[in-house]
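Just so you know, all these numbers are worked out from the coordinates, no wet-lab data involved. Just so it is clear, the model here is predicted, and its values are computed rather than measured. Every residue, glycine as well, gets a Cβ built from its backbone with ideal geometry; the counts of neighbours run over all protein chains shown.
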Amino acid sequence: MSGPAGDPDNGSPGGVPAGRTDSGSPAGGSPRAGSPDEGSPSADRPGGGVPGRPTAGGRDTARLRARAALIDAADALFDTHDYAGAARTLRLALDVDPDGDAADWPRRFPVVDRLARCAEMCSEHAAAIGLLRELAAGHRTCGDLAALAGAQRRLATVHELAGDWGSALAAREAAAAAFGSAGRPGEAAADRLAIAAHLRGAARYSAALKTLELVLPDAHAGDRADLVLRAEGLRGNVLSRLGRPGEGVPAVRTALNAALLGGDLDTTAELQQRLADSLEHGGDYGGAATAYGAAYLYCDTHGADAVGRLCRACATAVLFNRGEWDLAADVCREVLAEQGTAAQPRAVSACLLGLIHALRGEAADARPPLTEAAGLSARIELVAVELLSAWGLAVLEAQAGAVAAATDRIRQGLARLGETQERHYCLPFLQWAATFLSAHGLADDALACAAALSGVCEATGQAEAVATLAHVLGETRLAGDPAGAASELRRAATMLGELELPFAAAHAGQRAAAALLAMGDARGARKMLLAATAAAERLGARPLLGDCEATLRELDTARPAGDEADSAGRAGWAGSDGTGRRSPGAARALAGLTARELDVMVLVAAGNTSREVGAALFISPRTVEMHVQGCLLKLNCRTRAEAVRKLTELGALS
């Protein structure tokens, strides 16, 4: 759903380790002047003195000494994290010589540089932007291109933190151009790769591809094999998101295999995530789930915690679509509870957790994470989460009877979709929106959903998009042409069921039943409702289940007296099979296991190793062993086999 944490998606150019500045000094460390990487004029000064200290040609020794003392005092304050105090002291240093001209830039530079660092550390974005612009202008005037590039790179990061992505991308492109002119093509490639990665998250895929065309030559020229592979993998991922997985997936696999052969752990971890995302956008949800599991285990094994956390978060979108809502919610909670979770995985996890709660009718639990996800995704331009969180919030408004508010959210989502090339995560949102809009007589808005889906189908031709379009077209025809609507909606339900997308299929099935009922086909309607109701019950989707029950009541009203077949059908829907068997939930409670412990034991019973169980549940093998030991203690068993036998006898593994 998003890009790997610590990669260009969160503003850290390739090749710059997380937690370090562009100059290579620790982030937050004392902003000492004179670093050659920063292009400090002192780097070439005979004797290597600190800028601003007395020199033979100094105009005023006393003022220079005062200035140097203030700078030293500011450095001491900075080192104790008193950034505000350091900034005040540095401004006094500037006041010592307020009338300097352009020729005095070498003396002014270290103070401005330090002030900018203080503003950055205090999150005073406006002040930092002004100071960094002055810093960049001074380096440009002096012709120090490498230092200019460093200042522009820092400026880009501040703009990103402020949520001004237009300015951020412009500053990063300026950094890349300056690095290129300074003869550092590898650094230029790193900044442009960061731009392309952000454009991917913002669903501006064509622009991302154009930027990547500039990345590869510079990466080759800079002898940066890691950036070459990352760029090739990103290109394949973007192609997959554009609806061209036949080209994109092999490209990502080729880059991944090269990274594995080269032993590049960080690049391999990133490309594992790119592959899973590419498979997901190609509609291969099973392959995507497997790839995400493998990616997480690779990251866990090699200590790539940030990318591993992102893989787990992104996997929840796949689990959601496949109907594994309980597992998806568990993974979301775990990611959100971990210290240091970056903005992207946090936004994804909060969004999916809130969406599941919303579709289960749990408004109090849904709104906080959805609100957080909406805010985070807007700030970092993560379009997929912007749309999914808008859907979840619209669902909550609809459940509360706030039709106007829900409609506004849908319209805002459609407008945002129209600004991007997003073609995947919008599908369930548009399906639900069309149902809501049609039910409230908002025909023009429902047709806007159909138009958006038509564009997606034209671009990708993927079965899920076609099935969703069939659903939306059915909704637009339901009021005036029930037979035509029933045909489209039944087609949608069948296709979505074949794609193993249970919630989408159940939703279409319930709407098909309503259309069939409207045209007088009670038996056909009941058949669709049986499947939809069973899926809604498995998912715990109570609002959808309520819609199914309402349609069933209409059927019962219309059913002729003595229709035993229909009565038997309803009994089957109610889940009464007459066997008297204990439900798995009741058996689990009797055994005293948690839901996650039972998930683990079901997979253990199937013969999976701890590593395989971990891949399936997106937890580490160590965590699997912990759950197994907990089960053995609760069941008073000594071995896995004994525990499996006991759970089988209780009926908990059925």
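Miscellaneous remarks
- Full extension of the chain segment joining Glu247 with Thr609 gains 126.9 nm, where the gain is 0.36 nm per residue of separation less the Cα-Cα distance.
- Using θ = phi - 60° and Karplus 6.51 cos²θ - 1.76 cosθ + 1.60, couplings along region 288-298 (whole Hz; Gly, Pro as x): 5, 4, 5, 5, 5, x, 5, 5, 5, 5, 4
- For Ala486, neighbours were defined as the other residues whose beta-carbon sits under 14 Å from its Cβ, and their charges (Lys and Arg +1, Asp and Glu -1) total +3.
- Additional length obtainable on full extension of the chain from Met519 to Ala443, 0.36 nm per residue less Cα span: 25.3 nm
- Set of aspartates and glutamates with alpha-carbon distance to Lys210 below 20 Å, sequence-local pairs under 8 removed: Asp7, Asp9, Glu173, Glu187, Asp191, Asp218, Asp226, Glu232, Glu247, Glu381, Glu419, Glu422
- Footprinting exposure proxy for Glu475, Glu124 (fewest neighbouring C-beta atoms within 10 Å first): Glu124, Glu475
- In straight-distance terms, cross-link reach from Lys646 covers every one of the lysines whose alpha-carbon lies under 16 Å from its own, apart from those fewer than eight places away in the same chain; here that gives Lys634.
- Global form of region 77-202, assessed from the alpha-carbon gyration tensor, a/c cut-off 1.5: oblate
- In order along region 481-496, phi translates into HN-Hα couplings of 9, x, 5, x, 5, 4, 4, 5, 6, 5, 4, 4, 4, 5, 5, 5 Hz, rounded to whole numbers, per the Karplus curve 6.51 cos²θ - 1.76 cosθ + 1.60 with θ = phi - 60° and x for Gly and Pro.
- The phi-based Karplus calculation (6.51 cos²θ - 1.76 cosθ + 1.60; θ = phi - 60°) puts the 3J(HN,Hα) values of region 127-140 at 5, 4, 4, x, 5, 5, 5, 5, 4, 5, 4, x, 5, 5 Hz, whole numbers, x for Gly and Pro.
- Packing-based exposure ordering (other Cβ within 10 Å, fewest first) of Ser206, Ser454, Ser377, Ser620: Ser206, Ser454, Ser620, Ser377
- If you sort the three axes of the alpha carbon gyration tensor as a ≥ b ≥ c, you get a/c of 1.5 or more for region 325-398 and a/b no higher than b/c, which makes it oblate.
- Taking a ≥ b ≥ c as the square roots of the eigenvalues of the alpha-carbon gyration tensor, region 224-322 is classed oblate because a/c is 1.5 or more while a/b is no larger than b/c.
- Judged by the mean number of other Cβ atoms found within 10 Å, the most tightly packed of the peptides 267-274, 220-227 leads the ranking 267-274, 220-227.
- Among 77-88, 320-331, sorting by the average number of other beta carbon atoms lying within 10 angstrom of each residue, highest first, gives 320-331, 77-88.
- Taking 0.36 nm per residue of separation and subtracting the current Cα-Cα distance, fully stretching the chain between Gln412 and Ser454 would add 13.2 nm.
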